[in-house]
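Written out below as structure tokens is the structure these notes cover.
The values are calculated or read from the model by the stated rules, or taken from the named source; none is laboratory data. Note that the coordinates shown come from a computational prediction; the quantities given were computed from them, not determined experimentally. Virtual Cβ from ideal backbone geometry, glycine too; neighbours counted across all protein chains shown. Side chains included, ligands, DNA and RNA excluded: accessible areas come from the protein's heavy atoms. Shrake-Rupley method; radii C 1.70, N 1.55, O 1.52, S 1.80 Å.
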Amino acid sequence: MATPPESATNPELFDAVVNLCKRRGFVFPSAEIYGGIRSTYDYGPLGALMLRNVREAWWRAMIQERDDVVPIDAAILTNPKVWEASGHLATFTDPLVDCRNCKERWRADQIEDVCPKCGSTDLTEARPFNLMFKTFVGPLEGDSSVAYLRPETAQGMFVNFFNVLTATRRKPPFGIAQIGRAFRNEITPGNFVFRTREFEMMEMEFFVPPADSPRWHEYWCEERLGWYMRYGIAGEKLRLRAHDKEELSHYSAGTTDVEFLFPWGWGELEGIANRTDFDLRAHQEHSGTSLEYFDQTTDERYIPHVVEPAAGATRAMMAFLLAAYDEDEIGGERRVVLRLHPRIAPYQVAVLPLSRKDTLAPVARDVLHRLQRYLMCEYDDTQSIGRRYRRQDEIGTPYCVTIDFESLEDQQVTVRERDSTEQTRLPIDDLVHHLLGRLDI
Ligand code: GAP
């Protein structure tokens, strides 16, 4: 696949998208009225809708459209022995250095022995800093009540492997998938929602016979790359990159990242790891519960190996926004348009009565109610129709339905398509069918 050069950075695009997110209500700094809290964000009305669509697109591809993956929804707080067994307590660390001059803290692997803030080279030796957030369960704060906020959702699937296997009568190859919040006390969060301390993950653990894991690893790399393209990111903005040996996580025998060309260069969207039997074996040893699978057809007993596609929902949302952002000219007027896939866009349809006059409202409301049963719709009867189209283009709404005075006579409406701005006149009765047929372009 042709890949643009590393130097293809675009700070203007980053600023434009961050500004749009705040102005139109995708993403707000968290607790802004109190001055915020560093690199923590709240998802506004449009962001909450879009994030939900990202999750649903993942759910559709990973669960709904397959017959070999089942979902779970595990707890965020769990027995701390899980993190001991998984290796997170001992090794889920980043190398931390302090600047003795300005007291700022940095990740040693992200700076060149110089403090990026004050330029001092008077830095402490790097020491491991565990990224897990610690808390206490119950009213007593002590060693026996320590718990951790999960830094990945994966462990919830490993510790439930046997429950799911028996409850659903599955046999490898099969997967367990889940979407949920994860927490990491990142030393240097940043780049908007790219790296935050609280974020959302979409992970799937695919359990396979040991000999089959390389084949499944390749399979999932292609599948996952294809998912980002299916939902609107151009192939030249994506690439697969295999990790070097030194880069591998403590549990991985091989990881390939799906990377996106962010405005600052290539960055990880998702890691697809061959976790071997590391996790199931560790949980078997620490818990004393057998996590072997017995294959009655071959008379074999084995601990399955795991291939894990692990994506960030919040990071994927940012990539979809960056990839969709465009500026063009319509009828001599500049417009900002988010060319989002219809299933990812916050609203699929905007219902726009041409005038606020009472005569149009009943028909427009009827159209809205018909569409709302199937699609996320916005109703807007303010300002000129041109301004309203621009507002919808800017938030990526793929279709606008305009109700005019002729609609009262002929029961037809105009459907305007965001990207081409082409307009089609359609009977109201055909609208739902017409729009639903255009969701999976
Ligand atoms: N269970 C495997 C695992 O946790 P990871 O590469 O550490 O793998 C998976 O995380 C994905 O989660 C990343 O590719 C990224 O999209 C997202 N992610 C990780 N840390 C993040 C952070 N601090 N903020 C936002 N997203 C993050």
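Just a few scattered comments:
- Taking the longest Cα principal axis of the chain as reference, the axis of helix 278-287 is set at about 60 degrees.
- Percent RCO, i.e. relative contact order, over segment 369-441, from Cα pairs under 8 Å lying at least 6 residues apart: 23
- Euclidean distance between Cα centres, segment 218-260 to segment 20-41, Å: 30
- Cα gyration tensor shape of segment 128-248, rounded if a/c is under 1.5, else prolate or oblate by comparing a/b with b/c: oblate
- Other residues with beta-carbon under 12 Å from the beta-carbon of Asp440 carry, at +1 per Lys or Arg and -1 per Asp or Glu, a net charge of +3.
- Rounded, prolate or oblate (a/c below 1.5 giving rounded, otherwise prolate when a/b exceeds b/c) for segment 326-441 by Cα gyration tensor: oblate
- Shape category assigned to segment 37-109 from the gyration tensor of Cα positions, a/c cut at 1.5: oblate
- Each Lys or Arg adds one and each Asp or Glu takes one away; over the other residues whose Cβ falls under 13 Å from the Cβ of Glu285, this sums to -2.
- Applying both filters, DSSP loop and at most 11 other Cβ atoms within 10 Å, to the GluC sites (Glu not before Pro) of segment 201-281 eliminates every site.
- Of all DSSP beta bridges in the chain, antiparallel share, percent nearest 5: 85
- For the chain, the relative contact order is 14 percent, taking Cα pairs closer than 8 Å that sit 6 or more residues apart in sequence and dividing their mean separation by the residue count.
- Whole-Hz ³J(HN,Hα) from phi, Karplus 6.51 cos²θ - 1.76 cosθ + 1.60, for segment 66-75, glycine and proline x: 10, 10, 10, 9, 10, x, 9, 9, 8, 6
- Rounded to 5, the percent of DSSP beta bridges in segment 284-441 classed as antiparallel: 70
- Amide H contacts for Val413 (H built 1.01 Å from N in the peptide plane; partners 5 or more residues away or on another chain; cut-off under 5 Å): Leu426, Ile428.
- Taking 4.7 Å between C-beta atoms as the pairing limit, the chain has these partnerless cysteines: Cys21, Cys221, Cys377, Cys400.
- Percent of alpha-carbon pairs separated by more than 27 Å within the chain: 61
- Residues whose amide H comes within less than 5 Å of that of Ile330, counting only those at least five positions distant or on another chain, are Arg335 (H built at 1.01 Å from N in the peptide plane).
- From most to least packed by mean Cβ count within 10 Å, the peptides 147-156, 326-335, 354-363 give 147-156, 354-363, 326-335.
- Applying the criteria of a DSSP loop state and at most 15 other Cβ atoms within 10 Å to the trypsin sites (Lys or Arg not before Pro) of segment 105-159 yields Lys117.
- Taking all Cα pairs closer than 8 Å and separated by 6 or more residues, the relative contact order of segment 12-152 comes to 16 percent.
- Candidates Ser287, Ser86, Ser252: whichever shows maximal mean-square fluctuation once the chain is modelled as a Gaussian network with Cα springs under 10 Å: Ser287
- Looking at the chain, the accessible area is 48 square angstrom per residue; that uses a 1.4 Å probe and ignores ligands, DNA and RNA.
- For the chain, adding -39500 (n - 2.57) for each run of n ≥ 4 DSSP H residues and dividing by the number of residues yields -8500 deg cm²/dmol at 222 nm.
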